Amino acid sequence: MVEENAITFPTELPLVPLREAVVFPKFVVPLGVGREKSVAAINAAMGAEKHYLILAAQRDAELDDPSGEQIYGVGTIAEIVRLLRIPDGTAQIIVSGLTRARITGYADEPGYYKVSVEPLAEVMGEPIEVEALVRSVKGMFETYVQNGGAVPAELAMTAKNTDDPSHLADLVASSPDLTLEQRQQLLETRSVTQRLRTLSVFLAKQNEILELKQKIQSDVQQTLDKTQREYILREQMKAIQKELGEDEGGTEAKELREKIEQAGMPDEVKEKALKELARLEKIPQASPEQGVIRTYVDWLVSLPWKTAPADDWDIAQAAKILDEDHYGLPKIKDRILEYMAVRKLAKDLRAPILCFVGPPGVGKTSLGKSIAKAMGRKFVRMSLGGVRDEAEIRGHRRTYIGALPGRVLQMMKTAGTSNPVFMLDEIDKVGADFRGDPSSALLEVLDPEQNNSFSDHYLEVPYDLSRVIFITTANVEDTIIPPLRDRMEIIRLPGYTEDEKLHIATGYLLPRQLTQHGLEGGKLVIGEEILRDLVRRYTREAGVRNLEREIGTICRKVARTIAEGKAETVTVTVADLATYLGPEKFDYGLAEEEDQVGAVTGVSVSEYGGDTLTVEATVIDSAKGGDFVLTGQLGKVMEESAKAALSYVRAHYAELGVPKGFFEDRAMHIHVPAGAIPKDGPSAGVTMVTAIVSALTGRRVRRDVAMTGEITLRGRVLPIGGLKAKMLAAHRAGIKTFVLPEKNKKDLVDVPKEIQEQLELHSVGWIDEVLKIALLPGPKVTPAQLEATRPSVTPPAH
């Protein structure tokens with residue numbers, strides 16, 4: 001038996017491990033016991049004369065059957081005051097803590113924990129120090145309770161009234177803010193002074209945390225009170241204004257209402273705007289919906305809804321402006337002036353939707369600005385190159401955060417008028433992906449039957465685009481979807497002639513470059529001969545963009561010469577061009593230097609304009625016979641055209657003087673340089689027939705002849721497209737004779753007169769007419785003789 005404070009305890013007691021709990025001496029605590037070993041320990045305690053047991057916390061609360069090492073070594077000897085057995089085998093007990101005790105060993109008792117115990121005597125310390133610590137802890141504990149510490153009221157009252165330092169320390173130690181480890185450490189500490197010091201530090205920290213928490217809560221409450229107060233005052237102000245007959249929506253709502261009334265909206269749009277404004281007035285200022293609705297109403301009132309004043313155009317003045325800004329381009333100018341004239345007579349004429357198709361650098365975009373200037377209208381431009389999202393055109397719905405109208409309506413807001421000239425640049429480069437097809441969204445924009453009620457996903461109200469003059473630009477029309485292409489009036493700009501380029505360079509490009517480089521007043525003189533050389537030998541393009549770039553290069557080098565004090569004025573000569581621009585980039589003259597066998601000059605057209613190409617044909621030995629070799633990155637259509645050309649020649653071998661059985665051990669090889677450039681289309685059919693016949697007969701082809709036309713198996717020459725661009729390319733290459741299909745004669749009206757005068761034109765309907773024109777007369781030779789007459793080429797020495 002062990003004696004502690006006149007109470008005698010047994011040396012061995014049943015043990016009940018506790019989960020997440022520490023019982024201190026002098027505490028009366030209810031406990032629920034459910035584990036078999038714990039219930040057995042209670043039964044053992046109840047079977048003794050005194051119902052003593054020891055309560056100790058286990059280190060891991062998750063364990064159902066902890067070992068001795070998993071139970072703390074110091075616990076509290078307690079007496080069971082009351083026991084209530086539950087039918088399911090568990091029990092409810094009320095225990096009274098008596099004293100601290102150390103577990104010195106575990107007995108081998110089956111069914112429950114039985115341990116050896118040693119009561120721990122407390123060490124009180126110096127009375128004065130203890131008294132000071134007691135007062136300090138009491139004061140801080142009272143502050144802790146006042147600041148909202150989670151302490152039961154009866155515990156707080158007991159701590160306030162107790163004079164026992166040890167009991168005070170245990171009362172404070174039972175605070176729920178202490179962790180299990182902290183409470184266990186206080187249970188194991190025998191020194192009352194040390195326990196009070198530890199609790200003093202803990203309470204000081206907790207009081208600081210609770211004060212900061214109260215400050216944060218106070219700040220939050222003040223903000224909420226301010227918002228609530230503002231809301232109540234605003235509602236009261238509305239009620240007062242309503243009674244006084246004043247505008248109930250406040251100054252902001254009044255301004256928006258005035259803007260809605262003055263915007264000139266259609267009735268249904270106005271009704272929608274007023275409905276949204278009414279919603280805006282009812283929503284509190286702090287609501288996120290406030291900004292969404294405000295932005296929406298702002299967009300509605302900022303769009304140009306009013307009908308623009310009637311156009312009062314001076315047709316002659318408009319024609320003068322167009323001529324001043326752009327040289328040539330009669331078709332486009334006539335179309336715009338015709339629209340202006342008809343609109344002057346018929347006020348309700350729908351605006352045209354034009355599509356300028358042409359190679360880069362011919363002035364499509366700048367022409368749109370000139371049209372707007374001539375018509376006295378605002379000009380806005382929207383680039384469609386690389387656009388892949390339908391929302392770029394129609395906008396996003398308001399359910400999305402940061403939603404805005406599409407770029408069409410954004411540009412209308414920028415224009416500030418309901419009838420601008422609206423340019424949709426690079427419409428042939430619109431893409432499509434999982435976000436939608438912008439080309440399909442443009443169908444409504446560019447349809448005169450639909451665009452009077454264009455619907456944007458953001459606004460969700462109809463907007464009238466019928467007064468807008470839409471101008472689109474493209475390099476090629478093939479990539480534009482057919483429904484969209486059908487809605488536009490296509491006007492083609494194939495390129496400029498040499499004389500037109502000279503005129504543009506003299507009247508527009510050169511003066512602009514001189515001004516930009518500070519060379520006005522005769523500091524730099526570039527004559528017409530120099531400009532013509534630039535066109536012929538340093539540029540080869542349908543437009544004038546590279547020409548202006550070369551002029552700019554000359555201007556920069558001359559500006560440096562003048563700035564360095566080497567000269568005051570500079571006159572550029574032909575000999576100076578190599579100094580300023582380097583060697584000539586292009587040869588001007590005939591496509592071929594001499595008449596050759598099996599080499600024919602053809603013409604092609606692409607998004608960059610027209611160009612010349614050479615079709616070469618030669619006869620090669622082949623074991624199979626009749627083989628056909630095509631090289632030069634030819635497309636499928638061009639390959640089929642070559643096959644049709646060879647089939648025609650083989651079918652008419654007798655007329656062409658080719659020996660019977662010639663193809664049994666020979667093959668044809670057709671090559672179209674340059675090999676790195678893809679080529680396709682049927683218009684090189686006549687060129688291929690001519691090259692094949694020349695290669696088979698040994699008759700040379702005139703170097704000054706270029707030709708175009710599709711061939712059939714019967715030898716008919718069918719019409720082709722892009723005649724103007726092809727003739728311009730032939731003229732640039734120095735061709736003198738041009739062969740075209742007879743059915744393309746009608747297209748000559750688009751070709752400038754000076755080009756037609758400088759070219760000898762032959763319109764043909766059959767291939768034999770082409771051969772008479774292109775092939776030089778001469779004896780028909782055998783392939784062996786042909787091989788002997790070919791010029792030998794000596795390879796260069798290495």
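Some notes on this structure:
- Cα→Cβ-extended label distance, 7 Å offset, between Thr553 and Asp64, nm: 9.0
- Separation of the alpha carbons by more than 31 angstrom is noted, of Lys344/Lys501; Lys679/Lys746; Lys259/Lys429; Lys373/Lys413; Lys369/Lys726; Lys306/Lys369, for Lys344/Lys501; Lys259/Lys429.
- Its DSSP H runs of at least 4 residues, each contributing -39,500 (n - 2.57), put the calculated 222 nm mean residue ellipticity of the chain at -13000 deg cm²/dmol, to the nearest 500.
- For Thr99, distant residues with modelled amide H under 5 Å away: Ile77
- Across the chain, Cα pairs under 8 Å and at least six residues apart give a relative contact order of 7 percent.
- Radius ratio Rg over Rh of the range 1-101, counting only Cα atoms, Kirkwood formula for Rh: 0.94
- Integer Hz, Karplus 6.51/-1.76/1.60 couplings in order for the range 22-35, x for Gly and Pro: 10, 9, 9, x, 6, 9, 9, 10, x, 9, x, 10, x, 6
- Less than 5 angstrom separates the built amide H of Ser191 from those of Val123, all sequence-distant by 5 or more or on a different chain.
- Couplings for the range 699-712, taken from phi via the Karplus curve 6.51 cos²θ - 1.76 cosθ + 1.60 with θ = phi - 60°, read 7, 7, 9, 4, 6, 9, 10, 10, 8, 8, x, 8, 10, 10 Hz in order; Gly and Pro are left as x.
- Ranked by the mean number of other Cβ atoms within 10 Å per residue, highest first, peptides 570-582, 448-460 order as 448-460, 570-582.
- Over the Cα atoms of the range 617-772, the radius of gyration divided by the Kirkwood radius equals 0.98; this is the Rg/Rh ratio.
- Between Asp164 and Glu252, the FRET efficiency from the beta-carbon distance, with R0 = 51 Å, is close to 0.15.
- With the convex hull constructed from alpha-carbon coordinates only, the range 349-504 shows a mean projected area of 10.0 nm² over all directions.
- Comparing Cα centroids, the range 640-659 and the range 138-171 end up 117 angstrom apart.
- For the range 100-112, backbone phi angles converted through the Karplus equation (6.51, -1.76, 1.60; θ = phi - 60°) give residue-by-residue couplings of 6, 8, 9, 7, 9, x, 10, 7, 7, 10, x, x, 7 Hz, Gly and Pro being listed as x.
- Against the criterion of solvent-accessible heavy-atom surface with a 1.4 angstrom probe, Trp766, Trp299 sort, most first, into Trp766, Trp299.
- The portion of the accessible surface of the range 1-152 made up by carbon and sulfur, rounded to a whole percent, is 51 (1.4 Å probe; DNA, RNA and ligands excluded).
- Normalised Debye scattering of the range 141-180 at q = 0.22, 0.25, 0.28 Å⁻¹ gives log10 I(q)/I(0) of -0.66, -0.84, -1.02, counting only Cα atoms as equal scatterers and leaving out solvent.
- If a spin label sat at a point 7 angstrom from the Cα of Thr573 along the line to its beta carbon, the backbone N atoms of the range 520-554 nearer than 18 Å would be those of 524-534.
- Under-5 Å amide H pairs with Trp766, H placed in peptide plane, nonlocal only: Val717
- Taking only protein heavy atoms and a 1.4 Å probe, the accessible area of the range 385-522 is 49% carbon and sulfur.
- Within the straight-line cut-off of under 27 Å between alpha carbons, the lysines reachable from Lys215 are Lys138, Lys160, Lys205, Lys226, sequence neighbours fewer than 8 places apart in one chain being disregarded.
- Sum of side-chain charges, Lys226 neighbourhood, beta-carbon under 14 Å (Lys, Arg +1; Asp, Glu -1): -1
- Along principal axes, Cα extents of the chain, largest first, whole Å: 146, 90, 69
- The residues of the chain expose, per residue, 50 Å² of accessible area to a 1.4 Å probe.
- Rounded to the nearest 10 Å², the accessible area of Glu616 at probe 1.4 Å: 80
The values are calculated or read from the model by the stated rules, or taken from the named source; none is laboratory data. Computed from a prediction, not measured in an experiment: that's the story for all the values here. So basically every Cβ, Gly included, is an ideal-geometry build from the backbone, and we count neighbours across all protein chains shown. Accessible surface is based on the protein model in full, side chains and every heavy atom, while ligands, DNA and RNA are left aside. Shrake-Rupley method; radii C 1.70, N 1.55, O 1.52, S 1.80 Å.
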